[in-house]
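Enquirer: The structure's right below; bear with me while I get my questions together.
Computed from the coordinates by the stated procedures, all read-outs in this text should not be read as laboratory data. Note that the structure is predicted; figures quoted are calculated from it, not measured. Cβ atoms come from the backbone with ideal geometry, glycine included; neighbour counts cover every protein chain shown.
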Amino acid sequence: MSASCARLPTLLALSTLESLAVLSPNQLSSLQHIFPADRLHLDAATCERYGQDWTRYTTPQAAAIVFPVSIDEVQAVVRWANVHGVGIVPSGGRTGLSGGAVATQGEIVVSMDRMNCMDGFDPLARTVRCQAGVVTAALQQFAADHGLYYPVDFASSGSSQIGGNIATNAGGIRVVRYGMTREWVAGLTVVTGSGDVLECNLGLTKNNTGYDFRHLFIGSEGTLGLVVAATMRLTDPPPFTTVLLLALPGLADIMAVFHAFRSALTLQAFEFFSDLALTHVLAAEQSAAPLAERQPFYVLLELETVTPLQDEAVLQVFADCMAQGWVCDGVIAQSQQQAKALWRLREGISAAITPYTPYKNDISVVLSRLPEFVARLQGLLARDYPDFEVLWYGHIGDGNLHINVLKPASWALADFRHACEQVNEQVFALVAEFAGSMSAEHGVGLLKRDYLGVTRSAADIALMRGVKAVFDPNDIMNPGKLLQLDGSDT
Ligand code: MLT
Ligand code: ZN
């Protein structure tokens, strides 16, 4: 599929529907045999709340929300869905940004909120068994309480759940050092779209026994089945960390700064944001600017150090970058509190711009091509987005840029989206030219589905459909997300 296909006409039509989807009496009574009344919700408020994620581009239209407490119940609802031909939307913390966990077609939302236990801590293997509904921050805290570390982190850690992180292969702020969620999954229990329970990889370090279904389910966005539990790896915490913020006159030399720091020190994070992004965070959080003078771009670095503050080494690289003219100012956190405050400037961006219903592009290219890509993209966006506020931020040390376009209050959502999709044609053509990804970490979901062909070949997509048909032959698992089983999206 080319990047110029028609865009999601069904979503716009659905957004006009008002009534809640309704189950037949027969469907409802058989569902009531699986779930007691307090774990089967049909009311409009719950259906609305659980029928959407952090995106606001679709209208929730869930038929019911169920809260299983066991794998048996998950299996039972999947079998029920197959019998009745009703779709299932797996639901974690609903912090997704691509419409991967929205229910827009009368699906049953299966929330993992009640399956949130951690057990089976193995200090020797350094793993812990988590049910899918364990919140990311709870796993991080569990690790810390045992002198260990779970390094996958993002602004939504307080509400995102491990099952959702796995289903979307969540990335976040320390990918440059620790990789994405995939790296931390030693074992996975899933219920497939056919209702089979699979134990994938059994928490083993070595297991060369053919196809590793664990990796197929990681990042599958709930289209093959539901993640119900996982054995998560933990590691040593970093001895010390140093956080600094640098101001840059432009993006041209940002990768030179990255290279300079990475060559001399251990980078845990290398994030960037534009001054416009900073303006929005400062306004939303009512905080003061971190540096005396504003500059067009900022880089936030977190360095792993062996002493509390490796000032000399850090200052040396900083001085070199200043001498080169790559950096014009900077500040180093002198305490945990200051480090947190600097991180807020980056992590607070997403929440700060949420009221503007941002249109999000989440793209990546390989690091060596990033400077040229960024230069081309800057020219393109300046030319094609003259009327909107366009914010740049993201995980530039991973080659990952988040381009957020803010909706002017006077614009209708559908018109705004349409305008952004026009520019997408050019953006994605550039991404394709640079052999990049149209969705680096947010996933494809519903909102980016019709752009899959920017990054995946026709042969890839045909095989993906074949894989889905094997695990979910009746297309009940998160139907319409990532791809259409019947090929109607191509
Ligand atoms: C981030 O990097 O802040 C997250 O991916 C959220 C976002 O892009 O808005
Ligand atoms: Zn991000």
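Enquirer: Which lysines have a Cα lying under 27 Å from the Cα of Lys340, excluding residues fewer than 8 positions away in the same chain?
Expert: Lys360
Enquirer: While we're here: Label-point separation (nm) for Leu28 and Ala469, each offset 7 Å from Cα along Cα-to-Cβ?
Expert: 3.7
Enquirer: Could I ask something else about it? Could you name the aspartates and glutamates whose alpha carbon sits less than 15 Å from that of Lys481, not counting residues in the same chain fewer than 8 places away?
Expert: Asp53, Glu107, Glu221, Asp450, Asp472, Asp489
Enquirer: Rounded to whole Hz and in sequence order, give me ³J(HN,Hα) for segment 436-451 from the Karplus expression 6.51 cos²θ - 1.76 cosθ + 1.60, θ = phi - 60°, writing x for Gly and Pro.
Expert: Ordered by residue, 3J(HN,Hα) equals x, 10, 7, 8, 6, 9, 7, x, 9, x, 8, 6, 10, 4, 6, 9 Hz.
Enquirer: Restricting to Cα pairs below 8 Å that are 6+ residues apart, what does the relative contact order work out to for the chain? Please round to a whole percent. Kindly include the intermediate steps, with their values, before the conclusion.
Expert: Values: 993 pairs, mean separation 83.9, N = 490.
Relative CO of the chain lands at 17 percent.
Enquirer: Would you mind calculating the gained length between Glu48 and His418 on full extension (0.36 nm times residue separation, minus the Cα-Cα distance), in nm to one decimal?
Expert: 130.7 nm
Enquirer: Additional query: Quick check on the exposure proxy: order Tyr150, Tyr178 from fewest to most C-beta atoms within 10 angstrom.
Expert: Working: Tyr150 25, Tyr178 21.
Least to most surrounded, the residues fall as Tyr178, Tyr150.
Enquirer: Fewest to most neighbouring Cβ within 10 Å: what's the order for Leu204, Leu370?
Expert: Values: Leu204 12, Leu370 24.
Starting with the residue having the fewest Cβ neighbours, the order is Leu204, Leu370.
Enquirer: Starting from the alpha-carbon convex hull of segment 294-383, give the projected area averaged over all orientations, in nm².
Expert: 8.4
Enquirer: Angle, helix 71-84 long axis vs. longest principal axis of the chain, Cα atoms, 0 to 90°, nearest 10?
Expert: The two axes meet at around 60 degrees.
Enquirer: May I pose another question? Run the simple label-point estimate for Ala125 and Ala37 please: 7 Å along Cα→C-beta, distance reported in nm.
Expert: Label-label distance for Ala125 and Ala37, simple model: 4.3 nm.
Enquirer: Extension gain Val331-Arg79, at 0.36 nm per residue separation less the Cα-Cα distance, in nm?
Expert: Computed gain between Val331 and Arg79 is 85.0 nm.
Enquirer: Ignoring everything except DSSP H segments at least 4 long, calculate the 222 nm mean residue ellipticity for the chain; use -39,500 (n - 2.57) per segment, divide by total residues, nearest 500.
Expert: Working: 16 runs with 165 residues, N = 490.
Dividing the helical sum by the residues of the chain leaves -10000 deg cm²/dmol.
Enquirer: Quick one: length gained pulling Ala459 to Leu380 fully straight, 0.36 nm per residue minus the C-alpha distance?
Expert: On the way: separation 79, 0.36 × 79 = 28.44 nm, distance 3.00 nm.
Contour length minus Cα-Cα distance gives 25.4 nm.
Enquirer: Set the Förster distance to 60 Å, then compute FRET efficiency between Lys206 and Glu433 from the Cβ-Cβ distance, nearest 0.05.
Expert: Numbers: r = 40 Å, r/R0 = 0.67.
Step by step, r from the Cβ atoms, then E = 0.90.
Enquirer: Once the other residues with Cβ under 14 Å from the Cβ of Gly436 are scored (Lys, Arg +1; Asp, Glu -1), what is the net sum?
Expert: My count for the surroundings of Gly436 gives -1.
Enquirer: Determine, for Asp362, Asp275, Asp489, the number of other Cβ atoms within 10 Å of each Cβ, and report the residues in order from fewest to most.
Expert: Placing the least packed residue first, the sequence is Asp275, Asp489, Asp362.
Enquirer: Based on the alpha-carbon gyration tensor of segment 379-490 and its eigenvalue square roots a ≥ b ≥ c, which shape applies: rounded if a/c is under 1.5, prolate if not and a/b is larger than b/c, or oblate? List each step's numbers first, then the result.
Expert: Details: a/c = 2.30, a/b = 1.68, b/c = 1.36.
In terms of gyration-tensor shape, prolate.
Enquirer: Counting DSSP beta bridges with both partners in segment 29-178, what percentage is antiparallel, nearest 5?
Expert: Expressed as a percentage, antiparallel bridges in segment 29-178 total about 45.
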